[in-house]
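Visitor: Attaching a single structure in structure tokens format; questions to follow.
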Ligand SMILES: Nc1ncnc2c1ncn2[C@@H]1O[C@H](COP(=O)(O)OP(=O)(O)OP(=O)(O)O)[C@@H](O)[C@H]1O
């Protein structure tokens, strides 16, 4: 049965995973808050990423598929950077989308999110009728019956041979621009008139210092990557890293998205987990392949069914001007049509674009070459730092600009994918054996916000104390645990199932007799009896089995 996004969003609110930001004031579009359980879940996602990338990385070992062993270090850089960073990187000029507004209902759309279905004169290609609908990677609704009826009517009335074609809104606007009084592309929501497309920079502006003005304008970073590039020299000079090596960080990024949507999938404030991997140019394609495959595997290792994931190579015309290869890890989020996927992470081969931009100035492509963009006086349009960001290889005695492979993931999109994947509805017998519907979040145990719940079966002297003692032992061992002694045991199990707790431990009458408790497994519902003194060790062993 397809999963319902409404139910997932409702569960997230009900159980304290994710709330609308500024909820009591009606919210702030494109911003979300994580509740107590969501905070733990997202922290576990971040930790799983940071641990595999940095903390547990073994620089003496050659991982399968890698050309050699390599080093990895972490950094943490500021959200606000010198505005020159964004000029040299190209974000200042290029990081924008085109948008149109509806003059009637005031809705705002990204031009590339609107598709047109057009009836054209078969001989002249002149448009005869046009209907619009929302077509973006997240949601493809297609034409409504009424829209198709209008197109059919216009075709019939036109009388001459026609063809019907689907094209993006901007292509239609270009085509219509060459005609006298063409059919107007209308708002997909209300059929109102649309404005001409306007450019819209996605970077949030702010003022640094007391005086407002061009000089004090700064930007909230739209990606964490530039923090790694501008610190490349600092890291090489201050640590013992040698090529190949990666610099990674997790941090907030901000994009003034025109149409934030689909819960935390596209928001205006989000968190990225990015790594810049610096290597010799001639080895870069091997490293690209290595990171592409390794990053895909990370998601399936953490419980995402590989049937719901794809690794999609970008087509030639999708590639950014600097990229020689990009692949996206994509997930079939429940808000997408069957067979469609949304980006979780992009792995890009960025060549030497970034380090060169920060040395020389903003680069543009001329034929096969990247060259510094010039202004009307022949001067660099945006200068770089002028600092030497080349790398000297003391083995080969060569100096060169390293190439970069960048796996760029979103912590929120990953959290959303793990939530959607975990959401399960099944039927299980209750205490009396009759089948009951249950909602269970089947989180990978490493990601589950709470790992163990301790329940004294009834409020009885001895049972409560033993339960509380066990709960404290688990906490002291660093195992995120909870304790609940009220309500029917079946109800307590269901509450924990709904938040994805993998193990429930019940202290009952037998505990007082022989010192054993039951450990119930969330997914298999199997119960085993374990001596109370062995519980911490048993839970620890179970969790260790899931280590990635
Ligand atoms: N607005 C956003 N909200 C939440 N996560 C985001 C957003 N934009 C980017 N990300 C996350 O950061 C990762 C790396 O950013 P990147 O610049 O490659 O995204 P992008 O290709 O611009 O994404 P999209 O095409 O969906 O806008 C993305 O794969 C995604 O997980």
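Visitor: Return one number: the angle in degrees, 0 to 90 and rounded to the nearest 10, between the long axis of the Cα atoms of helix 145-158 and the longest principal axis of the Cα atoms of the chain.
Guide: 20 degrees
Visitor: Taking 60 Å as R0, compute the FRET efficiency from the Cβ-Cβ separation of residue 318 and residue 432 and round it to 0.05.
Guide: My answer for the efficiency is 0.55.
Visitor: Can I ask one more? How big is the Rg/Rh ratio for the range 450-545, C-alpha atoms only, Rh by Kirkwood, two decimals?
Guide: 0.92
Visitor: What percentages make up the Cα-Cα pair-distance distribution of the chain when the bins are 10 Å wide from 0?
Guide: 3, 14, 22, 22, 18, 12, 6, 2, 0, 0
Visitor: Follow-up. Helix-only estimate, please: 222 nm mean residue ellipticity of the chain, summing -39500 (n - 2.57) across DSSP H runs of length 4 or more and dividing by its residues, to the nearest 500.
Guide: On the way: 15 runs with 152 residues, N = 548.
Calculated from helices alone, the mean residue ellipticity at 222 nm is -8000 deg cm²/dmol.
Visitor: On a 0 to 90° scale, report how tilted helix 463-476 is relative to the longest principal axis of the chain, with both axes built from alpha carbons and the result rounded to the nearest 10.
Guide: Helix 463-476 sits at roughly 40 degrees to that axis.
Visitor: For the range 466-505, what does the alpha-carbon gyration tensor say about shape, rounded, prolate or oblate, given a ≥ b ≥ c as the root eigenvalues, a/c under 1.5 as rounded, and a/b over b/c as prolate?
Guide: Details: a/c = 3.09, a/b = 1.46, b/c = 2.12.
Oblate is the answer for the range 466-505, as a/c is 1.5 or above yet b/c matches or exceeds a/b.
Visitor: Here's another thing I want to ask about it. Which stretch or stretches of the range 525-540 have amide N atoms under 18 Å from the point lying 7 Å from residue 477's Cα along the Cα→Cβ direction?
Guide: Flagged as within label range: 527-540.
Visitor: For the range 451-476 and the range 266-309, what is the separation of their C-alpha centers, rounded to whole Å?
Guide: 41 Å
Visitor: Pairs of alpha-carbon atoms within less than 8 angstrom and 6+ residues apart define the contacts here; what relative contact order does the range 351-461 have, in percent?
Guide: Over the range 351-461, the number comes to 17 percent.
Visitor: Report the antiparallel proportion of the DSSP beta bridges in the chain as a percent, rounded to a multiple of 5.
Guide: Percentage antiparallel, nearest 5: 90.
Visitor: Within the range 371-406, find all residues whose amide N lies under 16 Å from a label point positioned 7 Å from the Cα of residue 214 along Cα-to-beta-carbon.
Guide: Counting only backbone N, you get 375-377, 381-383.
Visitor: Roughly how far apart, in whole Å, are the Cα centres of the range 511-534 and the range 322-336?
Guide: 43 Å
Visitor: Over the chain, what is the mean sequence separation of C-alpha contacts under 8 Å (at least six apart), divided by residue count, expressed as relative contact order in percent?
Guide: Details: 1048 pairs, mean separation 71.5, N = 548.
In percent, rounded to a whole number, it is 13.
Visitor: Moving to a separate point now. How would the range 399-501 be classified by its alpha-carbon gyration tensor: rounded, prolate or oblate, with rounded meaning a/c under 1.5 and the a/b versus b/c comparison settling the rest?
Guide: oblate
Visitor: What number, in percent, do you get for the relative contact order of the range 450-545 if the mean sequence gap of Cα pairs under 8 Å and at least 6 apart is divided by its residue count?
Guide: That works out to 29 percent.
Visitor: Using the per-residue mean of other Cβ atoms lying within 10 Å as a proxy for protection, in what order, highest first, do the peptides 267-276, 252-261 fall?
Guide: The packing order, highest mean first, is 267-276, 252-261.
Visitor: Shape verdict for the range 98-200, please, from the Cα gyration tensor: rounded (a/c under 1.5), prolate (a/b greater than b/c) or oblate.
Guide: prolate
Visitor: Another one. Quick one: work out the % antiparallel among DSSP beta bridges in the range 450-545, nearest 5.
Guide: 55 percent
Visitor: I would also like to ask the following. Rounded to the nearest Å, what's the spacing between the alpha carbon centres of the range 163-216 and the range 1-15? Just the number, please.
Guide: Result: 34 Å between the Cα centres.
Visitor: Any idea what angle helix 5-14 forms with the longest principal axis of the chain, computed on alpha-carbon atoms, 0 to 90 degrees, nearest 10?
Guide: 50 degrees
Visitor: Among 191, 15, 350, rank each residue by its count of other Cβ atoms within 10 Å, from fewest to most, as a rough exposure measure.
Guide: Fewest to most other Cβ atoms nearby, the residues stand as 191, 15, 350.
Rule-based calculations on the coordinates, nothing more; no lab input. In this text, all values refer to a predicted model and were calculated from it rather than measured experimentally. Neighbour counts are summed over all protein chains in view; Cβ atoms, including those assigned to glycine, are modelled from backbone coordinates with ideal geometry.
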